[in-house]
Amino acid sequence: MNMTSIQNDFEAVIGLEVHAQLATDSKIFCGCRARLLGGHGGESVADVAVNLNTCPVCSGHPGALPVLNRKAVEFAIMAGLATHCRINPRSVFARKSYFYPDLPKGYQISQYDQPICEAGWLEISTSATPKKIRIDRIHMEEDAGKNIHLSGFSVVNLNRAGVPLIEIVSAPDMRTAEEAGAYLRALHGVVTYLGICDGNMQEGNFRCDANVSVMPKGAKEFGTRAEIKNVNSFRFIEKAIEFEIRRQIEVLRAGGRVVQETRGYDSARNVTVSLRTKEEAQDYRYFPDPDLIPLRIEDSWVVSIQSMIPELPAQKFARFISEFGLSQYDADVLIASKTVAEFYEECVGILRVAYPDPFDLRAASKAAANWTTGELMRLLNEEGRELSASKIRSEHIADLVRLTQSRVVSSTGAKQALGVAWKTGESIETIVEREGLRQVSDTGALEVSIDKIIAGFPAQVAEYKAGKEKIIGFLVGQVMKQSGGKANPSLVQELLKKKLS
């Protein structure tokens, strides 16, 4: 079914609940290590023994008492401030009751009617227009362990139980899968730039539940929603939402009724599948946790945390455009990753020395953006590698800009040099000299080659002199071929035109 025709008759209503695992050293209510995953202390899941990082508190032993992690609270406040939320001076931890073995207490410690942050917003940009998505609340809670289902039985790993989370709950303000993807990317950028979450979706420390419903176009009352649980990819969340919109519309058009339920997303088949009936708040039987006193936050603490907030993606996006003259596309690609954005700014910092004139620096900055978003991104994507895991450093890109801008190396030679640097990590200067990639800009040597080409192609020379100016490209190509691609093409063209005028 075509999505455009669907939207003519129906309107989707989408809200996202995002769980961001906080990058604290210890868990939220005990001293056990929380940094278990790659990027958190350099360990991978395989390096950590099952149930090693546990204690009576996070494994739910009777009588064990929780103690709140101050750093987790600080990170939650940072998230609230960065998304324009109100920081509540008083918030309360509650017990959310449900019985799964990954939470052996029989309940999760979370926040319910008195969360730490409320009433914020985040602006997104899509192919339509910029739009503010309201954020209803941000609350703190503990993560669950991990159930592993085997043939005929299950086991549980509690290393993750008690790792601090914030849950960021949007208002149902999104109407398309594209908007949902844009919101999720923007939120991911905020938490990773703040440094409060690693943002690794594959490892589950940034994951999303999507509430999706549909209603006839122009209706005032929302339809029955389905929740798509634990989707861990930007692309998959968009595909899951698109499928769910189609599925619900087909149910309604067939005269059926959409059931409120929790669904999973099967990426192999690109379908959502029913998991269980969706629980309501009353099913969780929330009540204030008697072991934790209300959390009180002084204004002075909020002010001190506000001063710690760095430049965020939206601010960096605007600055890259105004300061470096980048296109919206290039700025958007660069700020999508904090690591890439910092890499690019390091390149510009190096180029400032070579180009003290602001006009020249602006041109060099654009060139650095082109190399980073173009050839470097291509190499990274081809090998599925993160920039931090590659051998390319900011000096490599800065040198490519400097050598191509000064016409020492052609763009083709520069790509060749970058390809070698990608494999070896050697400096661009070293590669250029060893591989003989310097352009020939010696006027005398070039004139000798040009004279040979003019003598060897009299018909094409006659065509040019008769007014067929495009033939100059053919003649330049012949000189380049004779020089083994090392001649400076712009200088060759300039000398050819003088000779033929």
message: Suppose we filter the range 344-373 for residues that are surrounded by 15 or more Cβ atoms within 10 Å (Cβ to Cβ) and under 14 Å from ASP399 (Cβ atoms); how many remain?
response: 12
task: Would you be able to tell me the number of residues in the range 93-106 that are touching a strand residue (DSSP E or B) at 6+ places or on another chain (Cβ under 6 Å) and surrounded by fewer than 19 Cβ atoms within 10 Å (Cβ to Cβ)?
output: 3
- prompt: Which numbered condition trips up GLU345, out of (1) over 18 Å from SER388 (Cβ atoms); (2) part of a helix (DSSP H, G or I); (3) among the acidic types (Asp, Glu)?
  reply: (1)
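Please go through the range 244-270 and give me each residue that is touching a residue at least 24 places away in the same chain (Cβ under 8 Å) and either touching a strand residue (DSSP E or B) at 6+ places or on another chain (Cβ under 6 Å) or among the β-branched types (Val, Ile, Thr) (or both), ordered by number.
Taking the range 244-270 and keeping what is touching a residue at least 24 places away in the same chain (Cβ under 8 Å), we get 244-250, 252, 257-265, 267, 270.
Once the filter is applied, which keeps residues that are touching a residue at least 24 places away in the same chain (Cβ under 8 Å) and either touching a strand residue (DSSP E or B) at 6+ places or on another chain (Cβ under 6 Å) or among the β-branched types (Val, Ile, Thr) (or both), the range 244-270 yields GLU244, ILE245, GLN248, ILE249, VAL258, VAL259, GLU261, THR262, ARG263, GLY264, TYR265.
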task: Filter the range 364-388 for residues that are free of Cβ contacts under 8 Å to residues at least 40 places away in the same chain, of a type in the set (Gly, Ala, Ser) and assigned to a helix (DSSP H, G or I) and give the result.
output: ALA367, ALA368, GLY374
- prompt: Which pairs have Cβ atoms under 6 Å, sit 6 or more apart or on different chains, and link a residue in the range 276-287 that is over 15 Å from ARG225 (Cα atoms) to one that is modelled with pLDDT of 60 or more and in a loop (DSSP other than H, G, I, E, B)?
  reply: TYR286/TYR112
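For ALA186, state whether it is among the hydrophobic types (A, V, I, L, M, F, W, C), touching a residue at least 24 places away in the same chain (Cβ under 8 Å) and farther than 13 Å from THR272 by Cα. I'd like the intermediate steps shown before the answer.
Values: among the hydrophobic types (A, V, I, L, M, F, W, C): yes; touching a residue at least 24 places away in the same chain (Cβ under 8 Å): yes; farther than 13 Å from THR272 by Cα: yes.
In short, yes.
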- line: Restricted to the range 223-273 and to residues being of a type in the set (Gly, Ala, Ser) and closer than 14 Å to GLY181 by Cα, the residue nearest to the chain's Cα centre (by Cα) is SER233
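Going by the conditions given, is ASP330 touching a residue at least 40 places away in the same chain (Cβ under 8 Å), surrounded by fewer than 18 Cβ atoms within 10 Å (Cβ to Cβ) and either more than 29 Å from ILE116 (Cα to Cα) or not assigned by TED's automatic domain parsing to the domain that holds THR373 (or both)?
In short, no.
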Selected residue (criterion: modelled with the lowest pLDDT) from residues of the range 194-213 that are under 13 Å from the mean Cα position of the chain (by Cα), closer than 25 Å to ALA171 by Cβ and not hydrophobic (A, V, I, L, M, F, W, C): GLY199
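Just to be sure before I move on: is ASN147 in contact with a Lys or Arg (Cβ under 6 Å, 6 or more places away or on another chain), more than 26 Å from GLY195 (Cβ to Cβ), in the same structural domain as GLY63 (by TED's automatic domain parsing) and not aliphatic (A, V, I, L, M) in the structure I sent? Write out each step before concluding.
Details: in contact with a Lys or Arg (Cβ under 6 Å, 6 or more places away or on another chain): no; more than 26 Å from GLY195 (Cβ to Cβ): yes; in the same structural domain as GLY63 (by TED's automatic domain parsing): yes; not aliphatic (A, V, I, L, M): yes.
No; evaluated as a whole, the condition is false for this residue.
Give ILE228, ILE321, ILE293, ILE335 a once-over and let me know the one that is closer than 24 Å to GLU17 by Cβ and at pLDDT 90 or above.
Of ILE228, ILE321, ILE293, ILE335, the one residue that is closer than 24 Å to GLU17 by Cβ and at pLDDT 90 or above is ILE228.
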- request: Would you check which residues across the range 127-143 are over 20 Å from the mean Cα position of the chain (by Cα) and either more than 14 Å from ALA182 (Cα to Cα) or not assigned by TED's automatic domain parsing to the domain that holds VAL169 (or both) and list them?
  value: ASP136, ARG137, ILE138, HIS139, MET140, GLU141, GLU142, ASP143
- request: Evaluate the following for ALA144: is it part of a loop (DSSP other than H, G, I, E, B) and not basic (Lys, Arg)?
  value: yes
- prompt: Going by the conditions given, is ILE321 surrounded by fewer than 16 Cβ atoms within 10 Å (Cβ to Cβ), over 30 Å from GLY63 (Cα atoms), among the β-branched types (Val, Ile, Thr) and within 22 Å of the chain's Cα centre (by Cα)?
  reply: yes
- prompt: Quick one: how many residues across the range 171-183 are of a type in the set (A, V, I, L, M, F, W, C) and assigned to a helix (DSSP H, G or I)?
  reply: 3
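Answer with yes or no whether ALA186 is within 18 Å of VAL231 (Cβ to Cβ) and not in a strand (DSSP E or B).
On the way: within 18 Å of VAL231 (Cβ to Cβ): yes; not in a strand (DSSP E or B): yes.
So ALA186 passes the test.
One line per residue, one yes/no per condition, for (1) under 21 Å from PHE10 (Cβ atoms); (2) hydroxyl-bearing (Ser, Thr, Tyr); (3) buried (at least 21 other Cβ atoms within 10 Å of the Cβ):
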| position | (1), (2), (3) |
| --- | --- |
| VAL190 | no, no, yes |
| ALA226 | yes, no, yes |
| SER233 | no, yes, no |
| ARG247 | yes, no, no |
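The values are calculated or read from the model by the stated rules, or taken from the named source; none is laboratory data. None of the values given here were measured: they were computed from a predicted structure. All Cβ positions, glycine included, derive from the backbone under ideal geometry; neighbour counts span all protein chains shown.
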